[in-house]
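Heads up, the thing below is written out as structure tokens.
The values are calculated or read from the model by the stated rules, or taken from the named source; none is laboratory data. Everything numeric here is computed off the predicted structure, so don't read it as measured data. As a convention, Cβ positions derive from the backbone with ideal geometry for all residues, glycine included, and neighbour counts pool all protein chains shown. Areas reflect the complete protein model, heavy atoms only, side chains present, ligands, DNA and RNA absent. Shrake-Rupley method; radii C 1.70, N 1.55, O 1.52, S 1.80 Å.
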Amino acid sequence: MEQDAITGVFFDLSTNVKLRVEGNDRLRFLNGQITADISKATASNAIEACLLDGKGRMSAHVFIFGSGDSFFIDADSGLKEALQARLERYVIADDVQIEDVSDQLSIFHVMAQTAPAVPAVKWMLSARRFGQAGWDIWIDGSERDKILAQLSASFSFCDADCLEIFRIERGIPRWGKELTSEIIPVEAGLDERCIDYEKGCYLGQEVISRMKMSGQRNKKLCGLASANEASLSAGMRLFEISKTDKDVGWITSASRSRKLNREVALGFVKRGFNAPGTNLEARPPGNLGSGSVRVEVVDLPFAQLN
């Protein structure tokens, strides 16, 4: 579902881990590691991609762009230690160098139809981070506070708490919550955004190709809306409402949406129970029924709920 465009908002992504990849074999190497086509990562366009293990499960979720003789990668801060190690594990006889530049650079993301006028920018990139086109602004870390103040004069700043609600409303999965080493990107709805089925081979591709051919996935990232205004929380298990009382999934993120005036959540629901309109029961871990909340499976991104 295409989301309604939102403009005039910006986010500070400066805590993201940031890597520079250099060397004569950088393009070939990265193309063998990511699910997207690295040739589309340019100095004006960032691509979204996943890194997988041999079983097709996620090792990382990243954004990448290319500039000069380097590629730059950014990812959630939760991958600070793991991302560089994951990439370097597969640098065998390649002319590839990977450097952590997290402390040297800062990133802002602006949701606007046209590129914002910002001084002292190193790179201004088109990037689709929240279901619509926006702009990544890369700057020297020393310029962060100054650029934050300048952007705040023209755009509304969405802090970390605001960003969490915003991404849940728009059905955007996040590393460490919806995206973990147990999840295949197709299950998280990342196939259209992150996977190029026409590119060359990459680690985990065989599993992804089989899933595309079969059209089957064991579980699916879904929107969940509380049916009685009771609050939801990450970690709650989802159960079929029947005599079988079957465990059919779990909640990964939850929030009160002021925009929708509802308690909403993201979660994975097993095949056969994830059709929109399906009613399930959410329970705290280990809970046998008390404190349960009736939820409805809804399409993502969340439409205006009544």
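Scanning for something at pLDDT 95 or above, open to solvent by less than 30 Å² (accessible area, probe 1.4 Å) and not in a strand (DSSP E or B), does the stretch 59-73 turn up at least one residue? Checking the stretch 59-73: not a single residue is at pLDDT 95 or above, open to solvent by less than 30 Å² (accessible area, probe 1.4 Å) and not in a strand (DSSP E or B). With respect to the conditions (1) over 19 Å from Phe11 (Cα atoms); (2) more than 19 Å from the chain's Cα centre (by Cα); (3) surrounded by fewer than 19 Cβ atoms within 10 Å (Cβ to Cβ); (4) in contact (Cβ under 8 Å) with a residue 40 or more places away in the chain, Asp196 lacks only one, and its number is (2). Just one of the listed residues (Leu260, Leu266, Leu221) is in contact with a helix residue (DSSP H, G or I) (Cβ under 8 Å, 6 or more places away or on another chain), at pLDDT below 95 and surrounded by 14 or more Cβ atoms within 10 Å (Cβ to Cβ), namely Leu260.
Looking across the stretch 160-171, just one residue is assigned to a loop (DSSP other than H, G, I, E, B) and either of a type in the set (Lys, Arg) or out of contact with any strand residue (DSSP E or B) (no Cβ under 9 Å at 6 or more places or on another chain) (or both), and that is Arg170. For beta carbons closer than 6 Å, sequence separation of 6+ or different chains, a first residue in the stretch 81-107 that is more than 21 Å from Cys50 (Cα to Cα) and a second that is of a type in the set (D, E, K, R) and open to solvent by 50 Å² or more (accessible area, probe 1.4 Å), the qualifying pairs are Ser106/Arg144. For the structure I just gave you, tell me whether Ala153 is free of Cβ contacts under 8 Å to residues at least 12 places away in the same chain, more than 19 Å from the chain's Cα centre (by Cα) and within 16 Å of Met111 (Cα to Cα). Spelling it out, Ala153 is indeed free of Cβ contacts under 8 Å to residues at least 12 places away in the same chain, more than 19 Å from the chain's Cα centre (by Cα) and within 16 Å of Met111 (Cα to Cα). May I ask you to verify whether Val91 is hydrophobic (A, V, I, L, M, F, W, C) and either within 28 Å of Gly23 (Cα to Cα) or under 19 Å from the mean Cα position of the chain (by Cα) (or both)? When the stated conditions are applied, Val91 passes them. Only one entry of Arg174, Arg170 meets the criterion of being closer than 20 Å to Asp76 by Cα, open to solvent by 30 Å² or more (accessible area, probe 1.4 Å) and of a type in the set (D, E, K, R), and that entry is Arg174.
If we keep just the residues of the stretch 103-138 that are assigned to a strand (DSSP E or B) and among the aromatic types (Phe, Trp, Tyr), which is surrounded by the most Cβ atoms within 10 Å (Cβ to Cβ)? So, considering only residues that are assigned to a strand (DSSP E or B) and among the aromatic types (Phe, Trp, Tyr), the one surrounded by the most Cβ atoms within 10 Å (Cβ to Cβ) is Phe108. Every listed requirement among (1) open to solvent by 40 Å² or more (accessible area, probe 1.4 Å); (2) under 20 Å from the mean Cα position of the chain (by Cα) is met by Ala46 save one, (1). State yes or no: is Leu203 within 21 Å of Ala5 (Cα to Cα) and either touching a Pro at 6+ places or on another chain (Cβ under 8 Å) or of a type in the set (A, V, I, L, M, F, W, C) (or both)? Against the criterion (within 21 Å of Ala5 (Cα to Cα) and either touching a Pro at 6+ places or on another chain (Cβ under 8 Å) or of a type in the set (A, V, I, L, M, F, W, C) (or both)), Leu203 does not qualify.
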